[in-house]
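What follows is calculated from the coordinates using simple rules that are stated; it is not laboratory data. Everything quoted here is computed from the prediction, not taken from an experiment. Positions of Cβ are backbone-derived with ideal geometry, glycine not excepted, and every protein chain shown enters the neighbour counts.
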Amino acid sequence: MHKAALDMLADAGVEAVICPDTAPETVARLAAGVDAVITRDAGFGAAAMRAAGPSLRVVVAHGAGHDAIDKAAATELGILVCNTPGANARSVMELTLGLAIAAARKIPAADRAERGGEAGFRARAVTAELSGKTALVVGWGHIGQGVGRMLHDAFGMEILVHSPRARDTGGFEPVATLADGLSRADLITLHTPMRPETEGLIGAAALAACKPGAILVNTARAGLVDEAALARALASGRIGAAALDVYGPGAPQGPLGRFEQVIFTPHLGGSTPEAMIRVGQGSVAHVLDALSGKRPATAQNDPKGWNR
């Protein structure tokens, strides 16, 4: 939590209890008796909600993702769940753009070669321009829309959109199926939430449908990509490069880490100071609204009797 957000709580007369780690016993101990919870990456489960007791009225996700919050348990216990979408969108968009360029031009591998005194990298490495190519944007929320416009405006890329829930794709071409888009895309960028239907979305079948040599960028959720299948697709050349800001535990030390054309970043997407201020203050605003009896517009559930 940024200091600006903590100051906002203090100014409203709300005491902030900072959880020093995500161990279940620590969370349960510190949750006891709280009125609200703001959770960033760790989520908030049923056991923690029950440990908090009847005073807990709202759990707010510090960001857009809320899949790690047990919404079914919250609804049963009369707890409202909210998220804070859009506040960190610009930072994630910019990182996505940077990762796409870095993957296309193999910038991290080139840097490692130069630092290691390795000669001949420029001669052996095949890099590519993005200009005039085709990008598939999977998910058309705040971030997906922004990335699509950036790629179009900066590089003149043709933008394809796969987002079954999107009613308006801003003049860009919607594709009927994911496979249709994958078969045409030079760049695939993921911006869809984790839902049961999107888990493992980029698996063996999807990767087999990709245009040979395509670049994959994931700044959304680790569970969208089957990492074992991705490693096989990289080995075969079906995927030319991948840039991952989210991934499973140990992925950089596993099979994917053996490919020089794979880039790992430690979930940097929404971690700029500018984004942290916006998301922190937005999260606090939802807490203050909920504690004063107002239902935040980003509520993700409808617990019976919440407005007591």
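Spherically averaged projected area of the convex hull of Cα atoms, region 169-308: 11.4 nm². Which angle between 0 and 90 degrees, to the nearest 10, do you get for helix 273-291 versus the longest principal axis of the chain when only C-alpha atoms count? On a 0 to 90 degree scale, this one is about 30. Once divided by 2.2 N^0.38 Å, the Cα radius of gyration of region 192-265 becomes 0.99. Backbone amide hydrogens, once placed in the peptide plane, bring I263 within less than 5 Å of A242, A243, L244, excluding anything fewer than 5 places away on its chain. So how far, in whole Å, is the C-alpha centre of region 81-144 from the one of region 215-238? Region 81-144 and region 215-238 have Cα centres spaced 14 Å from each other. Per-residue Karplus couplings for region 219-233, computed as 6.51 cos²θ - 1.76 cosθ + 1.60 with θ equal to phi - 60°, are listed in order as 10, 9, 9, 4, x, 6, 10, 7, 5, 5, 5, 5, 4, 5, 5 Hz, Gly and Pro entered as x. For a paramagnetic label modelled on A72 (point 7 Å from Cα along Cα→Cβ), amide N atoms under 19 Å away belong, within region 188-222, to 194-200.
Between the amide H of I38 and those of V60, distances stay under 5 Å, these residues lying 5 or more places away or on another chain, with hydrogens modeled in the peptide plane. For E76, neighbours were defined as the other residues whose beta-carbon sits under 11 Å from its Cβ, and their charges (Lys and Arg +1, Asp and Glu -1) total +2. Helices in the chain, meaning DSSP H runs of at least 4 residues, each add -39500 (n - 2.57). Divided by all residues, the mean residue ellipticity at 222 nm is -11000 deg cm²/dmol.
Each principal axis of the Cα cloud of region 81-224 was taken in turn, and the coordinate range along them, longest first, works out to 52, 32, 30 Å. Here's the list of lysines a cross-link from K106 could span, going by alpha-carbon distance under 27 Å and ignoring same-chain residues fewer than 8 apart: K133, K211. Taking only the Cα atoms of region 1-103, the radius of gyration and Dmax are 15.5, 50 Å. Under 5 Å between amide hydrogens, built in the peptide plane, is the criterion, and for F44 it picks out I69, D70 among residues at least 5 positions away or on other chains. With R₀ fixed at 22 Å, the C-beta to C-beta distance from L268 to K294 puts the FRET efficiency at about 0.10.
Computed from the alpha carbon atoms alone, the convex hull of the chain holds 145 Å³ per residue.
In order along region 141-150, the Karplus-derived 3J(HN,Hα) couplings, from 6.51 cos²θ - 1.76 cosθ + 1.60 at θ = phi - 60°, round to x, 3, 6, x, 4, x, 5, x, 5, 4 Hz, and Gly and Pro are given as x.
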